[in-house]
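Scroll down for the structure; my scribbles are underneath it.
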Amino acid sequence: MRDIDKVKEKHLAGDLDEIKSQLEVFLSQNRDEFWRFREREMKLWQKDINPFVCLKLFILEKKTINFKSEMLSQIDEIRHEVESRGQGLSPEEVNRIKEDWAKKNAASWRAHRILEIIYVLNENRELYLRVLCEGKDQSCDL
């Protein structure tokens with residue numbers, strides 16, 4: 001099964017609802033920064049950039065929407081890895097398992113998390129665009 005299919009299943013099962021909420025909070029807290037980012041990007045590209053496309057670029061640049069939650073989730077994954085190896089491991093063995101997990105899985109874990117975030121973003125486009133436009137002084141053409 002492809003990663004995107006797994007993400008779609010998780011979304012349909014409601015397992016990505018936390019990301020949906022985190023995205024809403026993230027966008028509310030970073031609204032002004034997003035609009036400044038979009039202005040910079042439009043100057044750089046010398047053309048208008050659709051706000052939704054720019055939102056994806058913004059999230060890709062940030063690499064996180066909730067650092068604490070994402071770190072706790074990774075710690076959970078590492079804990080499961082340690083537990084799967086059995087009881088009675090020495091502290092050195094536990095540390096080696098943690099280091100191995102980080103070397104082998106951290107980058108792919110991060111990529112998969114970004115895929116989940118972008119998927120949730122796509123599935124709730126109108127909600128997040130409304131959040132970005134809340135309280136915006138000028139017209140918000142979406």
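The values are calculated or read from the model by the stated rules, or taken from the named source; none is laboratory data. Remember, predicted model here, so these are calculated numbers, not experimental data. Reconstructed Cβ throughout: ideal geometry from the backbone, glycine too, with neighbour counts over all protein chains shown.
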Matching residues, segment 84-118, being of a type in the set (F, W, Y) and closer than 22 Å to E61 by Cα: W109
Do we have D48 as under 18 Å from the mean Cα position of the chain (by Cα) and acidic (D, E) here? no
Cβ contacts < 8 Å: first residue under 19 Å from F37 (Cα atoms), restricted to segment 117-132; second residue assigned to a helix (DSSP H, G or I) and acidic (D, E), any location; separation 6+ or different chain. Result? Y128/E24; V131/E24
In segment 26-46, anything polar (S, T, N, Q) and touching an Asp or Glu at 6+ places or on another chain (Cβ under 7 Å) is listed as none
Restricting attention to segment 46-71, and to residues there that are without any contact (Cβ under 8 Å) to a residue 12 or more places away in the chain and of a type in the set (A, V, I, L, M), which single residue is nearest to H112 (Cα to Cα)? M71
Name, by its number, the condition in (1) in contact with an Asp or Glu (Cβ under 9 Å, 6 or more places away or on another chain); (2) in contact (Cβ under 8 Å) with a residue 24 or more places away in the chain; (3) aliphatic (A, V, I, L, M) that does not hold for A111. (2)
Could you give me the residue pairs with C-beta distances under 6 Å whose first residue belongs to segment 86-102 and is over 18 Å from S73 (Cβ atoms), whose second residue is surrounded by 12 or more Cβ atoms within 10 Å (Cβ to Cβ) wherever it lies, and which are 6+ apart or on separate chains? V94/V82
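Which residue is surrounded by the most Cβ atoms within 10 Å (Cβ to Cβ), if the candidates are limited to segment 11-25 and must be touching an Asp or Glu at 6+ places or on another chain (Cβ under 7 Å) and not in a loop (DSSP other than H, G, I, E, B)?
Among those residues, the one meeting the criterion is I19.
Part of a helix (DSSP H, G or I), in contact with a helix residue (DSSP H, G or I) (Cβ under 7 Å, 6 or more places away or on another chain), surrounded by fewer than 16 Cβ atoms within 10 Å (Cβ to Cβ) and not aliphatic (A, V, I, L, M): is that true of S28 in this structure?
Numbers: part of a helix (DSSP H, G or I): yes; in contact with a helix residue (DSSP H, G or I) (Cβ under 7 Å, 6 or more places away or on another chain): yes; surrounded by fewer than 16 Cβ atoms within 10 Å (Cβ to Cβ): yes; not aliphatic (A, V, I, L, M): yes.
It is true that S28 is part of a helix (DSSP H, G or I), in contact with a helix residue (DSSP H, G or I) (Cβ under 7 Å, 6 or more places away or on another chain), surrounded by fewer than 16 Cβ atoms within 10 Å (Cβ to Cβ) and not aliphatic (A, V, I, L, M).
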Output for segment 43-98, where each listed residue is surrounded by 10 or more Cβ atoms within 10 Å (Cβ to Cβ), in a helix (DSSP H, G or I) and charged (D, E, K, R): K56, K62, E70, D76, E77, R79, E81, E83, E93, R96, K98
Can you say whether F26 is in contact (Cβ under 8 Å) with a residue 60 or more places away in the chain and of a type in the set (A, V, I, L, M, F, W, C), as far as the supplied structure shows? no
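Against the definition (closer than 15 Å to F26 by Cβ and at pLDDT below 95), how does K98 come out, yes or no?
So K98 fails the test.
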